[in-house]
Structure formats: structure tokens, C-alpha cells
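Participant: Please see the structure below; I have some questions.
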There are 2 protein chains.
Amino acid sequence: QSGAASWYGSGHQTANGERFNPNGMTAAHRSLPFGTRVRVENKQTGRSVVVRINDRGPFVRGRIIDLSRGSARALGMGGTSYVSLHVVD
Amino acid sequence: QSGAASWYGSGHQTANGERFNPNGMTAAHRSLPFGTRVRVENKQTGRSVVVRINDRGPFVRGRIIDLSRGSARALGMGGTSYVSLHVVD
């Protein structure tokens, strides 16, 4: 299965009743049983990581998996950007 | 003020009591008054956007603002990656 992955870093409880750990190596998938371990390969960075499915989602057409922040970081996705702030009068 | 910006896409209620809208042009800042409008410039992409402070954070050392997903997208931050999935036996 190939497609777009997104990631999320907030949340209280996962669909299988765990407390959500943003730094854990977990992910949300629409149909795979909870506890399934899945190797996710980032086609852009070539990195791969094994995640455990503990949540349901993503509920957005065209996306196949929603990774925890920790999983996404391990794959070299997203992160922070350097910005400057100016209050608008 | 310059530094690292992160972004978040989940949450129920912001610190000023609004319902969190991941697609809104809002952000969390540690000290600016709620309602302040701030121009955020992404030094990496050169894009800038005006956001409204409606939440408190980020509570991570070294970060100066936590943007809503919509604000981050407008700045060309993060997004999705193309991946492939393989269930691990």
C-alpha cells in the first residue's frame, strides 16, 4: 500500500484506549488491527521505521496513514522552521 | 523575535476559550495578548502570513511560536510525505 502519510502530535487518548504519546512509534490506520506492526518507508528520504497501529485515521481522502510525531521525525518528515515575528499594528 | 516555529493540528479548545480550528490562521504564543495579530515570516521559504494569537504555548525550550496547521501550510511548513506500508510479521 502506497500513498500519502500525515502526522499528528496532539491528542489525549487513542482509539484503542491508550494514552496518546506523541513521541511513541505509533500510527493511525483505517483498517489494520490494533497492535499490527507496519514498516513505513518514506519514499522521499529513503528512511523507514516500524510503527505499531494504536489509533484510527486518517479521515482525509488520499492519505493512508497518520503517524505520531515521533514516527514522523524518525522518517525525516516535517519538523520546525526558522521564523521571525512582527506584531501587526 | 526570531526562532523556531512548530505547528499543531489537534486540540479541542484554545487557551482563550475558542474551539480550536486546525485550518484557521491562528497560533499559540507564550506571552502576547490574545487577539494580537503577528506577521510570521518563514526564513526558509520566504513566505509570510498574519496569524492571530488565540492559544498559549509552545512549552518547549527554543521554540517561539506554535502555529495552527493552516498557518503552517500557508508558510510552506511540513505537510505530507509519500510512503509505502508493509505489515511486519
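Participant: Of the listed peptides B:8-18, A:60-70, B:63-73, B:25-35, what is their order by residue-averaged count of other C-beta atoms within 10 Å, with the highest listed first?
Facilitator: B:63-73, A:60-70, B:25-35, B:8-18
Participant: Rounded, prolate or oblate: which one fits the protein assembly as shown, using the alpha carbon gyration tensor with axes a ≥ b ≥ c (rounded when a/c is under 1.5, else prolate when a/b beats b/c, else oblate)?
Facilitator: prolate
Participant: So, with +1 on the Cβ of K and R and -1 on the Cβ of D and E, and no other charges, what is the size of the charge dipole of region A:1-65 about its Cα centre, to the nearest 20 debye?
Facilitator: 140 debye
Participant: Which ³J(HN,Hα) values, rounded to whole Hz and listed in residue order, are derived for region A:20-32 from phi using the Karplus coefficients 6.51, -1.76 and 1.60 in 6.51 cos²θ - 1.76 cosθ + 1.60 with θ = phi - 60°, glycine and proline given as x?
Facilitator: 5, 10, x, 8, x, 9, 10, 7, 9, 9, 6, 9, 4
Participant: Take the alpha carbon gyration tensor of chain B, find the square roots of its eigenvalues, order them as a ≥ b ≥ c, and report rounded if a/c is under 1.5; if not, report prolate when a/b exceeds b/c, else oblate.
Facilitator: prolate
Participant: Treat each spin label as a single point 7 Å out from the Cα along the C-beta direction, and report the A:ARG47 to B:GLU18 distance in nm.
Facilitator: 3.3 nm
Participant: Counting only residues 5 or more places away or on other chains, whose amide H sits under 5 Å from the amide H of A:ARG47 once H atoms are built in the peptide plane?
Facilitator: When sequence neighbours closer than 5 places are left aside, the close amide H contacts are A:ASN42.
No lab work stands behind these numbers, since they all come straight from the coordinates. What you are looking at is a predicted structure, and each value in this text was computed from that prediction instead of being measured. Don't worry about glycine lacking a Cβ; one is built from the backbone with ideal geometry, like all the others, and counts go over all protein chains shown.
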